[in-house]
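Undergrad: To start, I am sharing the structure in question, which I have written as structure tokens.
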Ligand code: UDX
Ligand code: UDX
């Protein structure tokens, strides 16, 4: 296929099918996509929803999502999608089989594509150099090698996975060293979607970031990727940068967001000691337009696949570039998060007469936040582990997380040890000494707490790790309540 002609030596124009981009004026003529083919490697939380949105907004583009995991692909081809996101199923059902496809035929997908998004996981390394901090880039590298081996024409390769700064350089090196006669442009297009609101974030993003090399070919490739998003995102929200700024912006955005949560959580400890109320403090400081109200909700701790991983990644980069003080500064954000989870459990133990041993604790919510079935780095995992170390008995309920997921993250099996999974919150609370709310699911606000209280061991304790319940009303029912940052 000779779809992408990077005509940088002989002329000023790049023809990408119907795209005609003039390097000089940076003007491009966005006409129809005329059969552009996109392949996304990785049908995960990021790849699946992002590609579904592109397919829905750009009916002229054929979008194929490939994944090594056949079970996951089968899930995407069924009515029970492997990723739960409000609004996702409707879009997938609307586009699947038309211009949206899910398959394990990775090589075919790569060969036929004009644009390839790499959206595979980049977990924190568990061994070797940088263990516990650096991102494990083996999957990104194997994607680059596979793209080079498969060939199939000139391509734009887009890093969607969050990667350390300068990863694009390695990807470019691997692609160039293939010497297969095709040319490749590597673009950084990090994802800022948050789980649970992924479809809203994709449809109306605050910004789309597209970074490329500062060469005519690089700029042209940036324009091609930007023009895909421009089908539904206003031009002023599409930010074009160089590659390294784009890669670093993703890590920095997550580090800043996590830092806000750790900052307010640090203040929650002081609130508990002084009688101040952290929600009132958040409201008061958030009213300052320079600070703003978002990401100031104190909690049992932040979780999710990105915050901790990206900060560790950032600190590793700082150390690598000889900036240990900067690394230390950001490390504190993660340490504060760990402390918050420990403080939560310590407070439970203190309140419950200095022991939770053999006491039944109803754990309400296990996902790292509401409206997702994702438990990666969920604070519930650490809280439950600490409670198990204290030989408590856990009765866990979450509306979306699979029982096997809960059990495997706790290293236990149903019926063994001290964990049982409950089908509803009432079952979890019946006969319990305490309730720990660890995810802010809306349905917890609608529970009949008078009924629950009557079925619990007395005195009945309630620890709200998300500050979502009306503690005053619960006190009136008879609960002994503890919120985060409530003196
Ligand atoms: C991932 C990264 O974790 C994140 O850093 C990045 O920003 C976006 O991609 P996510 O989509 O949540 O996020 O990951 P995950 O749900 O684990 O999906 C990755 C998928 O890639 C898995 O389905 C896995 O099977 C697939 N994969 C992985 C491949 O198809 N090929 C590989 O070589 C490796
Ligand atoms: C985050 C970023 O928001 C997103 O832009 C990026 O692409 C991926 O990482 P996500 O991890 O899905 O998204 O969830 P987010 O809403 O950011 O929440 C992360 C964690 O912080 C959750 O555990 C959440 O409960 C917690 N949190 C968030 C708080 O404890 N308080 C807050 O005020 C906000």
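Undergrad: Of the residues in the range 422-446, how many are crowded, with 22+ Cβ neighbours inside 10 Å and under 15 Å from residue 474 (Cα atoms)?
TA: 5
Undergrad: Then there is this: Test each condition in (1) within 16 Å of ligand 1 (Cβ to nearest atom); (2) over 26 Å from the mean Cα position of the chain (by Cα) for residue 285 and report the one that comes out false.
TA: (1)
Undergrad: Quick one: which strands (runs of 3 or more DSSP E) sit completely within the range 1-75 and have at least 1 residues that are at pLDDT below 95?
TA: On the way: elements: 13-16, 19-22, 37-41, 62-66.
Counting at least 1 such residues, we get 13-16, 19-22.
Undergrad: Residues of the range 86-98 being over 23 Å from residue 111 (Cβ atoms) and either at pLDDT 95 or above or within 11 Å of ligand 1 (Cβ to nearest atom) (or both), which ones?
TA: Going through the range 86-98, the residues over 23 Å from residue 111 (Cβ atoms) turn out to be 86-94.
Result: 87, 88, 89, 90, 91, 92, 93, 94.
Undergrad: Would you mention how many residues in the range 152-167 are modelled with pLDDT of 90 or more and within 22 Å of residue 209 (Cα to Cα)? It would help to see each step written out before you state the result.
TA: Quick first cut of the range 152-167, residues modelled with pLDDT of 90 or more only: 152-160.
Keeping just the survivors that are within 22 Å of residue 209 (Cα to Cα) gives 155-160.
Residues in the range 152-167 being modelled with pLDDT of 90 or more and within 22 Å of residue 209 (Cα to Cα): 6 in total.
Undergrad: With 101, 117 as the choices, which residue is away from ligand 1 (no atom under 12 Å from the Cβ) and under 28 Å from residue 145 (Cα atoms)? Break it down into steps so the answer makes sense when it comes.
TA: Numbers: 117 fails: away from ligand 1 (no atom under 12 Å from the Cβ).
Just a single option satisfies the conditions, and that option is 101.
Undergrad: Additional query: For residue 165, are the conditions met, namely being within 15 Å of ligand 1 (Cβ to nearest atom) and outside any helix (DSSP H, G or I)? Even if it seems obvious, please write down each step before you answer.
TA: Details: within 15 Å of ligand 1 (Cβ to nearest atom): yes; outside any helix (DSSP H, G or I): yes.
Against the criterion (within 15 Å of ligand 1 (Cβ to nearest atom) and outside any helix (DSSP H, G or I)), residue 165 qualifies.
Undergrad: From the list 222, 210, 214, 186, which residue is part of a strand (DSSP E or B) and without any contact (Cβ under 8 Å) to a residue 40 or more places away in the chain? Give the steps one after another, and end with the answer.
TA: Working: 222 fails: part of a strand (DSSP E or B); 214 fails: part of a strand (DSSP E or B); 186 fails: without any contact (Cβ under 8 Å) to a residue 40 or more places away in the chain.
Only one candidate passes the filter, namely 210.
Undergrad: For residue 302, only one of the following conditions fails: (1) in contact (Cβ under 8 Å) with a residue 60 or more places away in the chain; (2) more than 16 Å from ligand 1 (Cβ to nearest atom); (3) closer than 19 Å to residue 370 by Cα. What is its number?
TA: That leaves (2) as the condition not met.
Undergrad: From 157, 129, 83, which residue is crowded, with 20+ Cβ neighbours inside 10 Å, outside any strand (DSSP E or B) and either in the same structural domain as residue 210 (by TED's automatic domain parsing) or in contact (Cβ under 8 Å) with a residue 60 or more places away in the chain (or both)? Talk me through it step by step, then tell me what you get.
TA: Values: 157 fails: outside any strand (DSSP E or B); 129 fails: crowded, with 20+ Cβ neighbours inside 10 Å.
Going through 157, 129, 83 in turn, the sole match is 83.
Undergrad: Go through the range 61-75 and give me each residue that's farther than 15 Å from residue 40 by Cβ and surrounded by 14 or more Cβ atoms within 10 Å (Cβ to Cβ).
TA: Of all residues in the range 61-75, those farther than 15 Å from residue 40 by Cβ come to 70-71, 74-75.
Scanning the range 61-75 gives a single hit, 75.
Undergrad: Report yes if some residue within the range 409-421 is within 21 Å of residue 302 (Cα to Cα) and assigned by TED's automatic domain parsing to the domain that holds residue 351; otherwise report no. Steps first, answer last, please.
TA: Step one: list which residues in the range 409-421 are within 21 Å of residue 302 (Cα to Cα), which gives 409-410.
This time we only want the ones that are assigned by TED's automatic domain parsing to the domain that holds residue 351, so: 409-410.
Looking through the range 409-421, at least one residue is within 21 Å of residue 302 (Cα to Cα) and assigned by TED's automatic domain parsing to the domain that holds residue 351.
Undergrad: May I ask you to say which residue of 173, 149 is more than 16 Å from ligand 1 (Cβ to nearest atom), at pLDDT 90 or above and part of a helix (DSSP H, G or I)? First the steps, then the outcome.
TA: Details: 149 fails: more than 16 Å from ligand 1 (Cβ to nearest atom).
Testing whether each residue is more than 16 Å from ligand 1 (Cβ to nearest atom), at pLDDT 90 or above and part of a helix (DSSP H, G or I) leaves just 173.
Undergrad: What's the total number of residues in the range 189-205 that are within 9 Å of ligand 2 (Cβ to nearest atom) and either in a helix (DSSP H, G or I) or over 21 Å from residue 244 (Cβ atoms) (or both)? Break it down into steps so the answer makes sense when it comes.
TA: Step one: list which residues in the range 189-205 are within 9 Å of ligand 2 (Cβ to nearest atom), which gives 190-198, 201.
Okay, now just the ones that are also either in a helix (DSSP H, G or I) or over 21 Å from residue 244 (Cβ atoms) (or both), so 193-198, 201.
Residues in the range 189-205 being within 9 Å of ligand 2 (Cβ to nearest atom) and either in a helix (DSSP H, G or I) or over 21 Å from residue 244 (Cβ atoms) (or both): 7 in total.
Undergrad: Taking the range 291-308, which residues are more than 9 Å from ligand 2 (Cβ to nearest atom) and either on the phi > 0 side of the Ramachandran plot or in contact with a strand residue (DSSP E or B) (Cβ under 7 Å, 6 or more places away or on another chain) (or both)?
TA: 292
Undergrad: For the range 439-460, enumerate the residues that are touching a residue at least 24 places away in the same chain (Cβ under 8 Å) and part of a loop (DSSP other than H, G, I, E, B). Even if it seems obvious, please write down each step before you answer.
TA: Residues of the range 439-460 touching a residue at least 24 places away in the same chain (Cβ under 8 Å): 439-445, 449-453, 455-457, 460.
Selection gives 439, 440, 441, 455, 456, 457, 460.
The values are calculated or read from the model by the stated rules, or taken from the named source; none is laboratory data. Note that the structure is a prediction, hence the values are computed from the model and not measured. Neighbour counts are summed over all protein chains in view; Cβ atoms, including those assigned to glycine, are modelled from backbone coordinates with ideal geometry.
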